[in-house]
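Below is one structure; the comments refer to it alone.
The values are calculated or read from the model by the stated rules, or taken from the named source; none is laboratory data. Remember, it's a predicted structure, so these values are computed and weren't measured experimentally. Reconstructed Cβ throughout: ideal geometry from the backbone, glycine too, with neighbour counts over all protein chains shown.
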Amino acid sequence: MKSNGAALALLPECPAQPWVAATSKASPHDAEPAGGPRESRQAAAAQAAEIALLGGSIEQREEGARLNTAVFWDHHGREQLRYSKMHIPDEPGFREAAHYDPSTNAVRCVEYHGWRIGVQICSDNQRPTGCQMLAAQGRDLILNPRATDR
């Protein structure tokens, strides 16, 4: 499988599982540690297709936090950027507060093929602070994965 000329694939948030946040019932099987099976498959796909890939998973941290995490892999399948969602909605169809904890990670850019790329996940993009911080770092592109129950 090759990329047929594409340089980047952008998957929805938490792409390797059903949209669990449509319900308010979390399962321990939804989450995995960083570098777990879901992320490993995505990294392998980036390498096999020779394409950069933004994917992710529900990341289970050792201290117990569960984070909606996006990971940017280069075309060799090497992790270049890891970002976890900061703004967690709790409304019909988006019961994310039952599934994820808000992240406090720093917003940052990564350079890839001359582009300064940043990530905001879904509702993060509805608040200006993250985008402003990425702009201050000279970003060229903000990747914004999103998923819904539809």
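Numbers for the structure displayed
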quantity	calculated
Region 49-58, residues that are assigned to a loop (DSSP other than H, G, I, E, B) and either at negative phi or under 16 Å from the mean Cα position of the chain (by Cα) (or both)	51
Hits in region 1-48 - residues which are touching a His at 6+ places or on another chain (Cβ under 8 Å) and either aromatic (Phe, Trp, Tyr) or assigned to a helix (DSSP H, G or I) (or both)	20, 21, 30, 46, 47
Residue check for residue 48: touching a residue at least 40 places away in the same chain (Cβ under 8 Å) and farther than 17 Å from residue 21 by Cβ	yes
Those residues of region 97-114 which are within 17 Å of the chain's Cα centre (by Cα), among the hydrophobic types (A, V, I, L, M, F, W, C) and closer than 16 Å to residue 23 by Cα, in sequence order	97
Residue 106 vs. criteria at pLDDT below 95, within 21 Å of residue 25 (Cβ to Cβ) and among the aliphatic types (A, V, I, L, M)	no
Every residue from region 56-74 that is in contact with a strand residue (DSSP E or B) (Cβ under 6 Å, 6 or more places away or on another chain) and either surrounded by fewer than 15 Cβ atoms within 10 Å (Cβ to Cβ) or touching a residue at least 60 places away in the same chain (Cβ under 8 Å) (or both)	56, 70, 72
Entirely in region 78-150, the strands (runs of 3 or more DSSP E) that have 2 or more residues that are crowded, with 19+ Cβ neighbours inside 10 Å, free of Cβ contacts under 8 Å to residues at least 40 places away in the same chain and of a type in the set (S, T, N, Q)	none
Residue under evaluation residue 140, criteria (1) modelled with pLDDT of 95 or more; (2) over 17 Å from the mean Cα position of the chain (by Cα); (3) over 23 Å from residue 8 (Cα atoms), criterion not met	(3)
